[in-house]
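Readers should treat all values here as calculations from the given coordinates under stated rules, not as data from a laboratory. From a predicted model like this one, the values you see are computed outputs, not experimental measurements. Virtual Cβ from ideal backbone geometry, glycine too; neighbours counted across all protein chains shown.
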Amino acid sequence: MPLDLAPRLSDPDALFAALVAAHEGLVPSASRRLDAKLVLLLANHIGDTGVVLDALRVAQETGEPADEPTDEPAEEPA
């Protein structure tokens with residue numbers, strides 16, 4: 001099954017708002033754990049490693065270069 005990039009969500013703005021809300025109040029490390037858990041759950045649901053790797057490549061191509069500063073605050077010490 002090839003990676004489908006066609007828009008398929010009925011309400012992408014509501015989904016984005018829910019994703020943002022899920023991160024509210026989390027320290028950066030907890031936010032990254034939430035993202036990782038969500039990615040792994042969705043990857044398992046997709047069930048096709050090739051499709052997930054294709055999605056990873058597309059996401060990497062559209063990400064910020066590593067040398068650019070971000071608006072994310074520094075991680076708090078444990």
- Item | Projected label distance in nm at Asp13 and Met1, using a 7 Å step from Cα toward the beta-carbon | 2.9 nm
- Additional length obtainable on full extension of the chain from Asp48 to Ala21, 0.36 nm per residue less Cα span: 6.8 nm
- Query: Based on the Cβ-Cβ distance from Glu64 to Leu41, what FRET efficiency comes out when R0 is 25 Å, to the nearest 0.05?
  - Reply: 0.55
